[in-house]
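A short worksheet on the structure shown next.
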């Protein structure tokens, strides 16, 4: 079926335009053209009443949503529930994220993502394995009892996803560079995080093919005058990407602005690190044996340790404008085009252009999500 979306402020590669329509044919964008030049009489016309029409958001770090946590039940049903919750906030593509756990749960999670993609659960792009090859000194909310060096069986397990992208977060001091190189050569996207590494160790992992950094500034060695650490290596390297959690708790706005000034444009993208309260009804959940409370948008353990976030992608975009001072068009790209490029999906996602998938978020003047479209279909929340 064809849809003609019109009367909107459309985000194109050149910026926002208010004189364009977007023609959707099936799951793809067929044309983007002048509003007064359409002869598509067979298309269903959809008046967006002056709203912003932007590419759907892509979130590379989603632990949970809709009161469900991926670690608790790594199944197709859980994945579908999480994806449905995040669609309400404009997310059209995500990586269900598994926090450090045993290899049996890792295998179940990978198999569930494969099935979810095979069953065409809307929005599932792959999996993010955040651990368990991490450093106890920078464990964050992870259970350090699960941390370990990768065995040959686990090296193979990480490479076992048949469909979609596999993103793996490791501490570079905990994994041999030859293993990082092997994973990269076999198609795994390796990011660095939860690490006490020094600059040289971090640089060696980048040279072995690591592509980026997980939640920049958090759970990693900071930039120092005599030891640049993980943060220094991340900010210096022009080729790598950095995910950032812009919720007002994980990073000071000034630190975000420094990172944006240091990195080439397009190399910093938004993630949520979302937990079950996003799109859910409950303000409390369990992570392993620990109770996590979500108050005033902040998820913490009893001792105050941050435990993911209650952030959604539309909120991240608003915060990037208000806290980091980014223009709206750039904030949206940080939630769409740039994570798409990081995942190697930029030819089909993250842009409003002919040939791209018809994945959209429709935002009102307050940047709240009014509608979400995936593959040319308007989604119910």
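Bear in mind these aren't lab numbers, they're just calculated from the coordinates by the rules spelled out. It should be emphasised that the depicted structure is a prediction, and the values quoted were computed from it without experimental measurement. Neighbour counts run over all protein chains shown; Cβ positions are idealised from the backbone, glycine included.
Side notes on the structure shown:
- Distance (nanometres) between label positions extended 7 Å along Cα→Cβ at residue 301 and residue 72: 1.9 nm
- For a modelled paramagnetic label at residue 261, 7 Å from Cα along Cα-to-Cβ, the residues of segment 226-249 in reach, with backbone nitrogen under 15 Å, are 235-236.
- Global form of segment 56-342, assessed from the alpha-carbon gyration tensor, a/c cut-off 1.5: rounded
- Among beta bridges that DSSP assigns inside segment 56-342, antiparallel share in %, nearest 5: 25 percent
- Over the chain, DSSP H runs of length four or greater, each weighted -39,500 (n - 2.57), average out per residue to a 222 nm ellipticity of -7000 deg cm²/dmol.
- Under the simplified labelling scheme, the residue 28-residue 47 pair shows an inter-label distance of 3.1 nm, with each label point 7 Å from Cα along Cα→Cβ.
- Protection proxy ranking, peptides 337-348, 58-69, 74-85, average beta carbon neighbours within 10 Å, highest first: 58-69, 74-85, 337-348
- Solvent-free Debye calculation, one equal scatterer per alpha-carbon of segment 168-322: log10 I(q)/I(0) at 0.10, 0.16, 0.21 Å⁻¹ equals -0.38, -0.93, -1.28.
- When you count the other C-beta atoms within 10 angstrom of each residue and take the mean per peptide, 107-114, 93-100 line up highest first as 93-100, 107-114.
- Length available on full extension from residue 322 to residue 283: 0.36 nm per residue minus the Cα-Cα distance, which gives 11.5 nm.
- When the convex hull of its Cα atoms is projected in every direction, mean area for segment 205-288 (nm²): 7.3 nm²
- Extension gain for the segment residue 136 to residue 365, taken as residue separation times 0.36 nm less the Cα-Cα distance, is 78.0 nm to one decimal.
- Legend: ranking of residues 89, 213 from fewest to most surrounding C-beta atoms inside 10 Å; resulting order 89, 213.
- Computed from Cα atoms, the angle from the helix 76-87 axis to the main principal axis of the chain rounds to 60 degrees.
- A Förster radius of 35 Å, combined with the Cβ-Cβ distance separating residue 290 from residue 12, puts the computed FRET efficiency at roughly 0.15.
- Packing, as the average of other Cβ atoms within 10 Å across residues, places the peptides 230-243, 178-191 in the order 230-243, 178-191, highest first.
- Degrees, to the nearest 10: 103-118 long Cα axis against longest axis of the chain: 10 degrees
- Calculated FRET value between residue 156 and residue 239, using beta carbons and R₀ = 22 Å, to 0.05: 0.20
- Annotation: for a label point projected 7 angstrom from Cα along Cα→Cβ of residue 353, no residues of segment 176-215 have a backbone N closer than 13 Å.
- Per-residue Cβ neighbour rank within 10 angstrom, fewest leading, 291, 117, 245: 291, 117, 245
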